[in-house]
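Read through the structure below, which is laid out as structure tokens, and then see the notes.
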Amino acid sequence: MNAPMQIPGGIDPVPVPRAAVPRADGRVDLIGLTRDQLRALLADAGLEPKQAKLRAKQLWHWIYNRGATGFTAMTDIAKTMHPWLEERFVIGRPEVVTAQVSTDGTRKWLLRSDDGQDYEMVFIPDADRGTLCVSSQVGCTLNCRFCHTGTMKLVRNLTAGEIVGQVMLARDALGEWPSQPEGRMLTNIVMMGMGEPLYNFDNVRDALTLVMDGDGLALSKRRITLSTSGVVPMMEKAGKEIGVNLAVSLHAVTKEIRDEIVPINRKYGIEDLLSACAAYPGANNARRITFEYVMLKDKNDSDEDARELVRLIRKYKLPAKVNLIPFNPWPGVPYECSTDERIQRFSDIIFKAGISAPVRQPRGRDIMAACGQLKSASEKISRAELDRRAEEKQAALG
Ligand code: SAH
Ligand code: SF4
């Protein structure tokens, strides 16, 4: 049994078993290794240092630039070496359990890891771009009350290989190998699938570093957005070590309401969160922080809420834009989406204050692929059960 993983903040009701188990056949999956790790692995397996360096470079190119999934295609590596590589290594992809297509063109994949964990990935095509929504964890420990993923019992963090593997699989599906700078369908990545990316910091950082590498997948950090529910102590580190665009799931402007709907707020309050946003490295008027705000009827959608949002953004002098997300329902949820008129009015108030506040068009609702609807069927745990466990824990803490 693995030791529970330490989670920053430590408010999580569910312990998280650590990493994935090794493959049953004992081979090592090369996806997700840094260049140095790849070189070290080859050296450990017996190659001379110079050889290891050369082969690591070649493998890297074949894997991340050409999308190779086997060694036989690698024409610049001697044929005699192919069986040696095959015996020891694989170039894996997540297993696809199901692939669905929405009437609006959105695609959703249910993926399965080698050790049988299920997670989801969504591709959202638009006229001028294509956005891949990537998961960072199987489930999520945070239990935001309007989010379907939050009702799953978290099973584990995804590895760097499983995170970057989603991008590679999408490239396979879209036929976008070799990696090209122009004419791509997959142009943007958002870390907005299942899970809280800043609770799986190292793997998310390593995966995104691979995604941004100019010799490989080569997506610019300007086209990648990481969304956090507000893990304040990790935000500066994220800016420094990953450097992608930041989105923050704010969703409420008072302690009372945010405590209720985004429970991490009890640990890191709104003022701390906004201070961390103000200090986020690299945020400026050209690269604004996005504040996500889910529109919940009679909960967080009044004129007063909109005005308070403007006041807070001004108070902290944030280079901000607001993204209003119509609430996407799922079975058993206790909330409703605000009316279109209400959302429009809320947006107008913010726009009039000089802050951009577009309404996010829901995509893929018919296949449960929209924001907050992701949940893999293998994990069923009721809200009542979660509440019971949280209460139990609370009681145990006295
Ligand atoms: N865990 C991260 C990223 C994943 S969720 C985070 O919370 O930021 C991506 C966005 O969808 C978040 O802003 C999240 O709050 C929002 N969301 C969750 N459930 C939703 C729902 N049912 N309807 C609309 N948006 C939702
Ligand atoms: Fe987790 Fe984000 Fe869903 Fe909250 S909104 S439960 S942090 S995935």
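Summary table
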| item | result |
| --- | --- |
| Average Cα contact separation per residue, the chain, under 8 Å, 6 or more apart, as relative contact order % | 16 percent |
| Sequence ranges 67-75, 363-371, ranked by mean other-Cβ count within 10 angstrom, highest first | 363-371, 67-75 |
| Alpha-carbon radius of gyration plus Dmax, which is the widest Cα pair, for region 275-387 in Å | 16.2, 46 |
| Evaluated at q = 0.13 Å⁻¹: base-10 log I(q)/I(0), Debye formula over Cα of region 119-239 | -0.49 |
| Rounded to 5, the percent of DSSP beta bridges in region 95-379 classed as antiparallel | 50 percent |
| Probe 1.4 Å, protein heavy atoms only - accessible area per residue of region 27-90 in square angstrom | 55 Å² |
| Apportionment of accessible area to carbon and sulfur, the chain, percent (1.4 Å) | 51 percent |
| Extent along principal axes [Cα atoms of region 152-191; Å; largest to smallest] | 40, 16, 15 |
| Whole-Å semi-axes of the chain's equivalent ellipsoid (Cα gyration tensor) | 38, 23, 20 |
| Accessible area expressed per residue, region 95-379, with surrounding protein chains retained (probe 1.4 Å, Å²) | 39 Å² |
| Viscosity 0.692 mPa s, 37 °C: Kirkwood-radius Stokes-Einstein D of region 179-277 over Cα pairs, µm²/s | 226 µm²/s |
| Scaled radius of gyration (Cα, divided by 2.2 N^0.38 Å) that region 99-166 gives | 1.20 |
| Contact order normalised by residue count of region 93-191, Cα under 8 Å, 6+ apart, percent | 25 percent |
| Kirkwood-type radius of region 27-90, with distances r between different C-alpha atoms, in Å | 11.6 Å |
| Distance between region 169-194 and region 87-150 - C-alpha centres, whole angstrom | 13 Å |
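The values are calculated or read from the model by the stated rules, or taken from the named source; none is laboratory data. What you see is a predicted model, and the numbers here were worked out from it, not measured in a lab. Counting neighbours? That spans all protein chains shown, and the Cβs are built from the backbone with ideal geometry, glycine included. The protein model used for the area step is the full one, side chains on, heavy atoms only, and it has no ligands, DNA or RNA in it. Shrake-Rupley method; radii C 1.70, N 1.55, O 1.52, S 1.80 Å.
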